[in-house]
Amino acid sequence: MAHLALDDLQIYRDAARYCDRVYTLVRTWNSFDSETLGAQLVRASDSVGANIAESYGRYHYAERVHFLYYARGSAYETIYWLKRAGKRGLLSDETATGAVNAYMNLNALINGVIKSTNQRRTHDQRRGPKVNALAESGTDYRLDEIDEAVLPF
């Protein structure tokens, strides 16, 4: 299992790309909508990548998983706010659905990294010292990569 730099992690790159897209969408809203729902949406979306980064910087497996759980929770919060934005007419149905699907796929990837990290913890407890990096193992959990051109969001 290869160890990757933070910027090489697919979940981190996806989280960064998605939160930048959310920010761009919210900036077009009027002040009331962007200050209420939009601020919550941007904070939740930004928190996904921030917690993945925090996880990456942790040495102990339990701490890594702890922050990945936060990232997953923030992704679900983002989904909540995206659905509210769609219901309130701030996002088109197509954009809201595409964004929700993107975050659901991201959650599946986060779950895969949690599973992989827990497996590595068990393996390393039997074999020796821990290493200080998250690892993505493509065959363990990867879904089909999301093609940005196909995503309506």
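Number of residues in region 6-37 that are without any contact (Cβ under 8 Å) to a residue 40 or more places away in the chain, closer than 24 Å to Ile110 by Cβ and small (Gly, Ala, Ser): the value is 1. For the condition under 24 Å from Lys115 (Cα atoms), surrounded by fewer than 18 Cβ atoms within 10 Å (Cβ to Cβ) and either touching a Cys at 6+ places or on another chain (Cβ under 7 Å) or at pLDDT below 95 (or both), Gly49 does not qualify. The single residue among Ala62, Ala96, Ala102, Ala71 that is out of contact with any Leu (no Cβ under 8 Å at 6 or more places or on another chain) and surrounded by 17 or more Cβ atoms within 10 Å (Cβ to Cβ) turns out to be Ala71. Search region 109-139 for residues being exposed (fewer than 13 other Cβ atoms within 10 Å of the Cβ) and small (Gly, Ala, Ser), and hand back the single one that is modelled with the highest pLDDT. Looking at the filtered set, the residue picked out is Gly128.
A residue that is under 10 Å from the mean Cα position of the chain (by Cα), surrounded by 14 or more Cβ atoms within 10 Å (Cβ to Cβ) and of a type in the set (Asp, Glu) can be found somewhere in region 4-15. Close contacts from region 102-115, counting a first residue that is under 18 Å from Glu54 (Cβ atoms) and free of Cβ contacts under 8 Å to residues at least 24 places away in the same chain and a second that is surrounded by 20 or more Cβ atoms within 10 Å (Cβ to Cβ) and hydroxyl-bearing (Ser, Thr, Tyr), with Cβ to Cβ under 6 Å and a gap of 6+ residues or different chains, come to none at all.
The values are calculated or read from the model by the stated rules, or taken from the named source; none is laboratory data. Given the structure is predicted, the values throughout are model-derived calculations rather than measurements. Methodologically, a virtual Cβ is constructed for each residue, glycine included, from the backbone with ideal geometry; neighbour enumeration extends over all protein chains shown.
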